[in-house]
Amino acid sequence: MKFTMVNVNNLELGAIIAKDIYANTRFPIITKNSPISHKHLHVFKAFNIHEVPILINSVKKSVPSKTGEVEEVIVITEQVKQINPFEKKYLETLEQFKKDFSNWEAGAKIDMTKVRGTIFPLVEQVLQDRSYIFDLNSYSNPNEYLYHHCIATGLIAASIANKLGFDKGNTLQMAIAGTLADCGMSKIPKSIRNKKAALTEAEFNEIRKHPIYSYNMVKELPALKAEMKIAIFQHHERLDGSGYPLGVKHEKVSQLAQIIAVADTFHAMTSERLYRSKESPFKVIEMIKEEEFGKFDIQVVNAMTNLVADLPIGTKVELSNLEKAEVMFINQYNPTRPLIKLLKNGEIIDLSKQRSLTISRVISNE
């Protein structure tokens, strides 16, 4: 859907908001697809919002009413979304994974041949073009989050392993381990998995057992290496001992488990869930490095950082205030906050100093 930034002083009533609008709030103050009303104009003024994204193809047309008088109605035309080959394959993989997961819920064993055939084609594409990682959270939705999360964790884990220099065989093993890390969630009652309210202590403890259930489901699989099975068991352990199910720490937590842990955390935090809105990949990397310091292997975190923030000069990005910009220089000490140039006026901004702004997403060719 094409949109343009419009100054609030030039807004027409009935124009359609193209994106959710936030104002240092957890939830949007105005949701996308809302037609502009007088109430919204007051909201923009109250929150000191100067520009808002408006659908280009939301226009007013005059039509005769039943009484013969001319009325204005909003006509919204949307361009048909073109699905790229990767997204098409991803969605096909998702449907197959949902069927497999349903079989596991019913007690079926994991079919490794099917899992490999499902995930490997996507892995090959992601290893050739890491930019697909930026799109994974846009495919997900809160109601089917678990299925998306399993696939995305496998793809991101493989990308991290590749960045760390793993050979092809072990990289593919990491993809399988990441994909199956949460297969044990199939043994958790749906009433707990899908609960929107706060979990009780008993329900929370049941959720924390899923790595054990996952391990029990993969431990007899001959095609999966023993160290990968341990990684699945430990993927919620943390180096500082704050994880589960055993609370082990330091060298007792395998680096392979940490790869899945970082992939799992990254996708979870960049995706919209039933109880939490999503964050940008760049902000999540900062949160993992700063707020979660001491929990994750620094080599793994640096590999994830490089996957996300190692942007070529000239890359077009969108900022948290919806401004578009071009990457001018990458600060090796603060790679998620490069020097950027605003496209609208050429202003140069150092994001390492302008902390209120973050990169929301990388713009593919728009």
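Nothing in this text is a laboratory measurement; each read-out follows from the coordinates by a stated rule. Fair warning: this is a prediction, and the values are worked out from it, not measured in the lab. All Cβ positions, glycine included, derive from the backbone under ideal geometry; neighbour counts span all protein chains shown.
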Out of LYS88, LYS341, LYS289, a Gaussian network model of the chain with alpha-carbon springs under 10 Å gives the largest mean-square fluctuation to LYS88
For THR358, other-chain or 5+-apart residues with amide H closer than 5 Å (H placed, Pro excluded) are SER320, ASN321
Mean-square fluctuation maximum in Gaussian network of the chain, Cα pairs under 10 Å, restricted to SER191, SER271, SER159, hits SER191
Computed, not fitted: 222 nm per-residue ellipticity of the chain from DSSP H runs ≥ 4 (each -39500 (n - 2.57)), nearest 500, equal to -12500 deg cm²/dmol
Among ILE298, PRO312, SER352, the residue whose Cα sits farthest towards the positive end of the charge dipole of region 265-366, when +1 is placed on the Cβ of each Lys and Arg and -1 on the Cβ of each Asp and Glu, is SER352
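Kirkwood Rh and Cα-based Rg: tell me the resulting Rg over Rh for region 208-366, rounded to two decimals.
On the way: Rg = 18.5 Å, Rh = 17.4 Å.
Rg/Rh for region 208-366 comes to 1.07.
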For region 135-174, using Cα atoms only, the Rg and Dmax in Å read 11.8, 36
Given unit charges at Cβ for Lys, Arg (+) and Asp, Glu (-), the dipole magnitude of the chain about its Cα centre in debye, nearest 20, is 360
Taking Cα pairs closer than 8 Å and at least 6 residues apart, the relative contact order of the chain in percent is 11
In vacuo Debye sum over C-alpha of region 90-129, base-10 log of normalised intensity I(q)/I(0) at q = 0.20, 0.24 Å⁻¹, listed in q order, is -0.61, -0.79
For the chain the translational diffusion coefficient, Stokes-Einstein from a Kirkwood Rh over Cα pairs at 25 °C and viscosity 0.890 mPa s, in µm²/s, is roughly 109
Placing each pseudo-label 7 Å from Cα in the direction of the beta carbon, LYS32 and ASP240 end up separated by a distance in nanometres of 3.5
Once amide hydrogens are built 1.01 Å from N within the peptide plane, the residues lying 5 or more places from VAL6 or on another chain with amide H under 5 Å from its amide H are VAL52, ILE54
For region 116-201, the Cα-Cα pair-distance distribution in 10 Å bins from 0, as whole percents, is 17, 44, 26, 12, 1
Per residue convex hull volume, Cα only, region 135-272, in Å³ is 111
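Two-decimal Rg/Rh of region 294-333 from alpha-carbon positions, Kirkwood Rh?
1.08
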